[in-house]
Amino acid sequence: MITIFHRLGERIAETQQRADQNVPDEPVWIDLLNPTEEELRHLPQNLNIALPTREETWRNHALNRMYTRDGTAYMTAAVISDDREARACGTVTFILTPDFLITLRDIDPPPFLALQERLLLMPKAFPDSVDVLTGLLEAIVLRTVVHSDEVITGLDGLSRRIFSPRGFEGEKGTPSDIMHGVLQSLGMLADLNSRIHESISSLQRVAGFLRTHTPAGQSDHSRALGTLLKDTQSIAEQTTFLSNKISFQLDAALGMINVEQNQIGKIFSTTAVFFLPPALVAGIYGMNFDHMPELHWALGYPLALGLMGVAVLVPYWVFKRRGWL
């Protein structure tokens, strides 16, 4: 689908285009969402501009390659999709000419729709293609902040569950099952945080490239891009902090699991210690030697049972007194 925003006097109009139709006069933003091969073949003829192939888009993103050709800037960035089932980063290509902006993408995150609505409601706020691209980058960064807040909120909740004495109250399942759920949640948050870092790093490179290639006389653009660079730097630093926090909580969760396992092992070890002395007594009196006088006593059997009971109670009393139980 091709969405074209073009100027009509002082206002901006939106048009859904087919591949065989001509591009309206004075386009300001041409948004290509899941374009077909036919659209990719016909649109460059109308625009007199080269569009990168899917292989070139992948290569440019993998190599962080941004360049200018005949006055047109080609940039790529990773943008997080809002699909909660698969929080993947999709590659978006930005093609900036002096007259209009082209975006080439296979995902449909909310910032694109948000900017389209702003463009229709406040066309004068985006007088040229650089303003459109700057506004789009700002919208993507703001959406990334929402994802970062999701990570922060999730980690705060997990922190209360892990470290609070009453953190697991009301939850069903054994402690091991609960901690397994905690590990799954940590894994999902860690994956989302890594996506945020990937996206914000690519946006930071786009903003830096765009600021470098912005004409010196356009101070408003340079100032807006400078603010955008500061915002991306702050979010990048926050993702590093959150990554460390995730590692700490992961270590803590694994430590809690180890403590639980140690408690189980402690029970078995203590039980073995309790029954070791009685087994020794039973082994001695089970030898049946002729010169064991207890074998001929009427009270020999009760005496052996009493020794076994004392052998159990004495270790239990010692362990309890020293706080080992």
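The values are calculated or read from the model by the stated rules, or taken from the named source; none is laboratory data. These numbers come from a predicted model, not from an experiment. In this analysis, Cβ positions are derived from the backbone assuming ideal geometry, glycine residues included, and neighbour counts consider all displayed protein chains. Each accessible area value is taken on the protein alone, full model and side chains, heavy atoms only, with ligands, DNA and RNA left out. Shrake-Rupley method; radii C 1.70, N 1.55, O 1.52, S 1.80 Å.
Of note:
- Note that the range 33-160, at 25 °C in a medium of 0.890 mPa s, gets a Stokes-Einstein diffusion coefficient of 151 µm²/s from its Kirkwood radius over C-alpha pairs.
- Per-peptide average of other Cβ atoms within 10 Å, ordering 192-201, 150-159, 250-259 highest first: 192-201, 150-159, 250-259
- Protection proxy ranking of 45-57, 221-233, by the mean of other Cβ atoms within 10 Å over each peptide's residues and highest first, is 221-233, 45-57.
- For the pair L40 and L8, the difference between a 0.36 nm per residue extended length and the Cα-Cα distance amounts to 9.0 nm.
- Accessible area, probe 1.4 Å, largest first, for residues H42, H213: H213, H42
- Spacing of the two label points (7 Å from each Cα toward its C-beta) at T240 and R69, in nm: 3.5 nm
- Förster radius 41 Å - calculated FRET efficiency between I152 and R54 (Cβ-Cβ, nearest 0.05): 0.70
- Along each principal axis, taking the top coordinate minus the bottom one, the Cα set of the range 47-107 gives 41, 23, 15 Å in descending order.
- Computed E for V318/F248 - FRET, C-beta separation, R0 56 angstrom, nearest 0.05: 0.90
- Whole-number percent relative contact order across the range 80-156, with pairs defined as alpha carbons under 8 Å at least 6 apart: 26 percent
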